[in-house]
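The values are calculated or read from the model by the stated rules, or taken from the named source; none is laboratory data. Values in this document were obtained by computation on a predicted structure and should not be read as measured data. Here the Cβ positions follow ideal geometry from the backbone for every residue, glycine too, while neighbour counts run over all protein chains shown. Keep in mind that these areas ignore ligands, DNA and RNA; they rest on the heavy atoms of the full protein, side chains included. Shrake-Rupley method; radii C 1.70, N 1.55, O 1.52, S 1.80 Å.
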Amino acid sequence: MLETFQDYNGKQLNVHALGIVVSLSGVLVIAPLLPEIIDDFGITPAAAGASITFMWACNALAQYPGGRYSEDLSSNVVLLASQGLMITGFLLVVLSNLFPLFVAGLGLIGFGYGMFEPAGIVLLQDLFDENRGRAFGIRDAAINLGSALSAVLAITVIGVAAWRNAFVPVIVLLALVAVSGHRLNRDSYHISMVALDIQSVCSRLFRSRETYAILFVLSVFNFIWQGSASFLPTFLRVEKSFTSFEATVAFASVFVTGMLVTPIAGMLCERRPPITLGLGATGLGIVGLVGLMRADSVVGLGVGLLTFAVGLTTIWPVMYIYLVDVLADETIGSDLGALRAVYFAVGSLGPVYIGTVATRFTYMGSFASLLLCFGLAVLPLLWLARR
């Protein structure tokens with residue numbers, strides 16, 4: 001395990017994990033800043049949700065090209081290009097004085113991060129034949145650490161400076177990560193035209209019911225994840241009377257929990273069937289969401305939130321390991337990119353759904369409706385477990 005961190009492969013993993021931490025710190029700091037963004041631009045929660053949906057829709061659009069280019073060119077080329085797009089998008093957000101400019105910046109951020117993720121998965125798949133479960137567990141721990149740090153950014157900014165200042169350190173650090181990745185890379189950069197060949201990928205992927213079942217589960221969980229994560233701080237402030245500081249700390253606790261449990265989930269997948277663990281994660285998500293909605297005490301809310309966090313975060317390393325084992329090694333970039341494009345497109349609807357329902361009814365009603373989504377995910381997981 002120590003060798004994994006000391007050799008070239010380990011250094012690549014560390015730099016990529018750092019890139020995830022910095023990128024997601026910027027992407028997800030938007031959620032705790034939403035009340036300030038809504039007030040600044042004078043928009044409704046539905047419009048705010050639509051802007052986040054646009055960002056994640058761009059993310060979905062970039063998933064397949066990111067995976068395809070990583071296969072035919074190299075993952076390092078795509079990683080460098082994606083970081084450049086994100087830096088440009090964050091700059092636009094910092095400079096935005098009009099809501100359309102802010103939305104354009106979110107689009108570039110979403111597209112850049114959409115290319116970054118599948119390229120990183122291809123990189124890890126190429127580097128780690130052994131300890132792959134641990135490598136993906138570390139990757140998901142980095143996702144949760146970056147997400148938790150987004151709350152730290154928000155706490156630092158709220159009430160002290162303009163919300164746009166939260167993105168300045170992200171721009172600087174992301175540029176440093178891009179330079180570090182470039183210096184570490186041993187391969188030459190080769191750029192050429194790449195045929196996306198979407199038809200052959202779809203015909204290859206969608207021949208089995210197993211693919212449809214996996215895709216349905218991931219789509220449902222991404223819908224729940226994007227919708228709940230985007231509006232969790234606002235839900236806690238409106239429905240549970242949290243202060244902005246308390247809501248942001250609670251938001252951070254979701255990702256701190258994920259940072260701790262995802263490496264364990266990755267290691268457990270080397271000993272237990274991933275689908276069995278996926279069913280457990282779904283059950284915890286349901287119990288946690290019910291507890292979060294019904295509890296009034298601080299202890300009850302804390303237990304519900306942490307249980308919800310365990311369920312939401314452990315599903316990802318579990319399902320990624322299952323997918324990597326199922327998909328062919330020679331086409332994993334394009335195949336995984338195509339699948340991610342679909343379930344991120346579905347997931348991108350989560351924020352606009354939560355925002356719209358909250359505008360027309362209440363945040364409590366919008367979060368309660370996510371229980372139906374959890375229930376829908378159980379059926380295909382049970383079918384996959386019996387295969």
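How large a share of the accessible area of the chain, in percent, is made up of carbon and sulfur atoms when the probe is 1.4 Å and the other protein chains stay in place?
Details: 10150 of 15470 Å².
Ligands and nucleic acids excluded, carbon and sulfur give 66 percent.
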*Under the Karplus relation 6.51 cos²θ - 1.76 cosθ + 1.60, θ = phi - 60°, what is the ordered set of whole-Hz ³J(HN,Hα) values for segment 300-314, x standing for Gly and Pro?*
x, 5, x, 5, x, 5, 5, 5, 4, 5, 4, x, 5, 8, 6
_Quick one: 3J(HN,Hα) in Hz for segment 167-181, Karplus 6.51/-1.76/1.60 with θ = phi - 60°, rounded, Gly and Pro as x._
8, 5, x, 5, 4, 5, 5, 5, 5, 5, 5, 4, 5, 4, x
*Rounded to the nearest whole Å², what accessible area per residue is found for segment 252-310 with the 1.4 Å probe?*
46
*Which one of F308, F116, F242 has the biggest mean-square fluctuation once the chain is modelled by GNM with Cα springs under 10 Å?*
F242
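Is it possible to state the helix-based mean residue ellipticity at 222 nm for the chain, with each DSSP H run of 4+ residues giving -39500 (n - 2.57), the sum divided by total residues, to the nearest 500 deg cm²/dmol? What is it?
On the way: 17 runs with 323 residues, N = 387.
Counting only the DSSP helices, I get -28500 deg cm²/dmol.
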*Short version: ³J(HN,Hα) in whole Hz for each residue of segment 278-289, in order, from phi by Karplus 6.51 cos²θ - 1.76 cosθ + 1.60 (θ = phi - 60°), x for Gly and Pro, what are they?*
x, 5, x, 5, 5, x, 5, x, 5, 4, x, 5
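Per residue, how much accessible area does segment 32-151 show when a 1.4 Å probe rolls over the protein heavy atoms, in square angstrom?
Working: 3590 Å² over 120 residues.
With all protein chains present, segment 32-151 gives 30 Å² per residue.
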_Added length on full extension, which subtracts the Cα-Cα distance from 0.36 nm per residue, S369 to L184_ = 61.9 nm
*asked:* Among 75-85, 296-306, how do they line up by average Cβ neighbours within 10 Å per residue, starting with the highest?
replied: 75-85, 296-306
*Approximate spin-label separation T276-Y212, in nm, with each point projected 7 Å along Cα-to-Cβ*: 2.8
